[in-house]
Structures are given as structure tokens and as C-alpha cells.
Amino acid sequence: MKNNGLNFEGAITKLEDIVAKLESGSLTLDESISEFEEAVGLIKLCEEKLSSAKHKVKILTEGEDGSITDMPFVNESNDEA
């Protein structure tokens, strides 16, 4: 599976393509399983990117006193989203 460097929108597009292929009924069982495995990886990628985005938004909007703040984001995983 080659999902490294794929952005959220690209992953969603690939997921839509996979769903269309699976729904078409034209794939063999082995092809369907392979496509499903790729879809699971793409879903995990999307979840990671959404979680990272949510964390960034929280850092940018929640101050200790409830005010809006813009603290620098430090990504704990050393991996850009």
C-alpha cells in the first residue's frame, strides 16, 4: 500500500474509488480483499489526519482563561499532517 505523503482529500478520493469498485461486483474475491485492505489503511490515515487537525484547532482556540490563543503547535509524533 502506497499511502505515504497522501493528503486527506486524496485519501478520500481513493476511498470513493475503492467503494465504487467494490460496489460494481466486478472484482474477484482476492481483488476485493486487496481493495478492502487498502481502504482500511486509508481510513486509518484519514483518522490520523483528522485527529491532528482537531488537535491543532484546539491549541489555536483554547486559552487557559477561555480566550482565543495561538500557541505554537508541537506535533508529538514528529510527523506532519
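Taken over the stretch 18-40, residues that are assigned to a helix (DSSP H, G or I) and surrounded by 14 or more Cβ atoms within 10 Å (Cβ to Cβ) amount to 8.
All told, SER52 meets the bar of being surrounded by 10 or more Cβ atoms within 10 Å (Cβ to Cβ) and either of a type outside the set (A, V, I, L, M) or at pLDDT 95 or above (or both).
The values are calculated or read from the model by the stated rules, or taken from the named source; none is laboratory data. Worth saying up front: this structure is predicted, and the values here are computed from it rather than measured. So basically every Cβ, Gly included, is an ideal-geometry build from the backbone, and we count neighbours across all protein chains shown.
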